[in-house]
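Peer 1: Let me give you the structure first, and then I'll get to my questions.
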Amino acid sequence: MFTQTLTRRVLGSSLVDLLTGPHGVDRYTELVSPTWTRNDARARVVAVRRSTPRSVTLLLEPNDAFPGFKSGQHVNLSVDIDGRRRTRCYSPASAEGQRLIELTIGRHDGGLVSEHLYRNARPGMVVGLEKVGGDFVLPAIRPRRILLISGGSGITPVMSMLRTLQAEQYAGRVSFIHYARSREEACYHDELAAMPRVQVLHGYTRTANDGGSARLDGGEAKLGPSQEHGDLQGYFSAEHLEAAMPNPDAVYVCGPPALVAAVREQCPDAISESFVPPVFTVPANPSGGQVSFLGSTVSVVDDGRTLLEQAEAAGLQPVSGCRMGICHSCTCRKTGGAVRNLITGAISTAESEDIQICVSVPVGDVEIDL
Ligand SMILES: Cc1cc2nc3c(=O)[nH]c(=O)nc-3n(C[C@H](O)[C@H](O)[C@H](O)COP(=O)(O)OP(=O)(O)OC[C@H]3O[C@@H](n4cnc5c(N)ncnc54)[C@H](O)[C@@H]3O)c2cc1C
Ligand code: FES
């Protein structure tokens, strides 16, 4: 312990900074051990579970540079695939304040990072863990009656909330509805069934007989043998709300946009998060300005799509992650012209500034340094 503290102090000293400049101390210490870095938050995979056919759960041991997270927040996970660093957001499923972080990653058919981790994650693998963020969190003063709802891989931040409430012996009422395509694909099913003081309801949206197509009937809520744990039929509806918790004080929902919309219809104040990027409508009258991508010879005439989409359509490969303005991995320097941020609507004209190209569209001529 004493040696570790001493080592940390020595590595943190300004003399070490001076001696290791311009690369910084991390570029030397990582040669000894990839997670032995002072500034770069990284984690070593210590266990891997594949408990459903379409997900992989990683248990990560972060280094001291990782600042921790609040339940419901997300982190940027980076991994090298074929020599290129790829970054995606993942929401830890573990309770806040735990030493080990649990991530459950759902497989996306044709998805780069999720498929890579599903196939290749193994103990000893090292990943980057940067930029903890997000407002999908429980308030410091916990409401008395909390309803949590999730769909598919949206279970992770909600699981973290549930585990955190359990750890602090929350005395209020909490109900949880989780939607999965089938019982087989429902993550954390057994842990949830054994969880005390929580009413857990499962909704399965596909059945063996419907050939894989989703059931569209709202369906009446059917509780299973126990009042605490049961199954619901169909998609979220007023009946599901009634079965889970009528008049909750706070509702949290994380899942596909259709689930979030259905919950908001019944509970307009629900706090929501979706992992899927929004589809931005392309304007009928794009600016038609000249978009120049510095660092290449490519320039295009603005067609109204985001700068990221226009760069990709022109054959360039800018770095991207969430594609919805959250992870900041697409941040590039705009060296001239004006852009509009599709999330905030703000137009910025500064000559030199960093912008997120996944949510920025040109307003006239733009120069962007990819
Ligand atoms: C805040 C936040 C938290 C998140 N937390 C979690 C979590 O805890 N667990 C989890 O599983 N996920 C989570 N996600 C989603 C996660 O970040 C990734 O989006 C997801 O893992 C898919 O990444 P990928 O690299 O596998 O897929 P990508 O390669 O990014 O592809 C995404 C989808 O687009 C399709 N696609 C790719 N390229 C093309 C193309 N050229 N044309 C058409 N389609 C294409 C793919 O087939 C795939 O279905 C979260 C997202 C956000 C924003
Ligand atoms: S890709 Fe995540 S902010 Fe742009």
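Peer 1: I want to confirm something. Restricting to the range 286-299 and keeping residues that are touching a residue at least 12 places away in the same chain (Cβ under 8 Å) and closer than 29 Å to Arg88 by Cα, which single residue is surrounded by the fewest Cβ atoms within 10 Å (Cβ to Cβ)?
Peer 2: First, pick out the residues of the range 286-299 that are touching a residue at least 12 places away in the same chain (Cβ under 8 Å): 286-296, 298.
If we keep only those that are closer than 29 Å to Arg88 by Cα too, we end up with 291-296, 298.
On the way: Val291: 24, Ser292: 18, Phe293: 22, Leu294: 16, Gly295: 11, Ser296: 13, Val298: 15.
Filtering first and then ranking leaves Gly295.
Peer 1: Continuing with this model, one more query. Out of the residues in the range 50-68 meeting the condition of being in contact with an Asp or Glu (Cβ under 9 Å, 6 or more places away or on another chain) and more than 18 Å from Gln98 (Cα to Cα), tell me which one is surrounded by the most Cβ atoms within 10 Å (Cβ to Cβ).
Peer 2: So the residue we want is Ser55.
Peer 1: Scanning the range 320-330 for residues that are more than 9 Å from ligand 1 (Cβ to nearest atom) and open to solvent by less than 60 Å² (accessible area, probe 1.4 Å), which turns out nearest to Val298 (Cα to Cα)? Walk me through how you get there before you give the answer.
Peer 2: Here is the first cut: in the range 320-330, the residues more than 9 Å from ligand 1 (Cβ to nearest atom) are 325, 328-330.
After this cut, where a residue has to be open to solvent by less than 60 Å² (accessible area, probe 1.4 Å) as well, the list is 325, 329-330.
Values: Gly325: 24, Ser329: 21, Cys330: 18 Å.
Restricting to residues being more than 9 Å from ligand 1 (Cβ to nearest atom) and open to solvent by less than 60 Å² (accessible area, probe 1.4 Å), the top hit is Cys330.
Peer 1: Among (1) of a type in the set (S, T, N, Q); (2) more than 23 Å from Gly72 (Cα to Cα); (3) within 16 Å of ligand 1 (Cβ to nearest atom); (4) in a strand (DSSP E or B), there is one condition Gln317 misses while meeting the rest; what is its number?
Peer 2: (4)
Peer 1: If you don't mind, there's one more thing I want to ask. Do you know which residues across the range 269-285 are more than 16 Å from ligand 2 (Cβ to nearest atom), assigned to a loop (DSSP other than H, G, I, E, B) and surrounded by 16 or more Cβ atoms within 10 Å (Cβ to Cβ)? Write out each step before concluding.
Peer 2: Initially, the range 269-285 is screened for residues more than 16 Å from ligand 2 (Cβ to nearest atom), giving 269-272, 281-285.
Among the residues that remain, those that are also assigned to a loop (DSSP other than H, G, I, E, B) are: 269-270, 281-285.
If the condition is that a residue be more than 16 Å from ligand 2 (Cβ to nearest atom), assigned to a loop (DSSP other than H, G, I, E, B) and surrounded by 16 or more Cβ atoms within 10 Å (Cβ to Cβ), then Ala270 is the only one that fits.
Peer 1: Take Gln266 and decide whether it is within 16 Å of ligand 1 (Cβ to nearest atom) and open to solvent by less than 80 Å² (accessible area, probe 1.4 Å). It would help to see each step written out before you state the result.
Peer 2: Numbers: within 16 Å of ligand 1 (Cβ to nearest atom): no; open to solvent by less than 80 Å² (accessible area, probe 1.4 Å): yes.
When the stated conditions are applied, Gln266 does not pass them.
Peer 1: Which pairs turn up if I take residues in the range 343-370 that are more than 16 Å from ligand 1 (Cβ to nearest atom) and look for partners that are part of a helix (DSSP H, G or I) and of a type in the set (Gly, Ala, Ser) with beta carbon separation below 7 Å, at least 6 apart in sequence or on another chain?
Peer 2: Pairs found: Leu370/Ala311.
Peer 1: Going through the range 124-158 one residue at a time, which ones are part of a loop (DSSP other than H, G, I, E, B) and within 11 Å of the chain's Cα centre (by Cα)? Can you show your working first?
Peer 2: Going residue by residue through the range 124-158, those that are part of a loop (DSSP other than H, G, I, E, B) are 124-125, 134-144.
Selection gives Gly134, Phe136.
Peer 1: Those residues that are over 13 Å from Glu265 (Cβ atoms) and either touching a Cys at 6+ places or on another chain (Cβ under 7 Å) or not in a loop (DSSP other than H, G, I, E, B) (or both), I need them from the range 240-255; list them, please. Steps first, answer last, please.
Peer 2: Taking the range 240-255 as the starting set, the residues that turn out to be over 13 Å from Glu265 (Cβ atoms) are 242-250, 252, 254-255.
Answer for the range 240-255, where residues must be over 13 Å from Glu265 (Cβ atoms) and either touching a Cys at 6+ places or on another chain (Cβ under 7 Å) or not in a loop (DSSP other than H, G, I, E, B) (or both): Glu242, Ala243, Ala244, Ala250, Tyr252, Cys254.
The values are calculated or read from the model by the stated rules, or taken from the named source; none is laboratory data. Values in this document were obtained by computation on a predicted structure and should not be read as measured data. In this analysis, Cβ positions are derived from the backbone assuming ideal geometry, glycine residues included, and neighbour counts consider all displayed protein chains. Accessible surface is based on the protein model in full, side chains and every heavy atom, while ligands, DNA and RNA are left aside. Shrake-Rupley method; radii C 1.70, N 1.55, O 1.52, S 1.80 Å.
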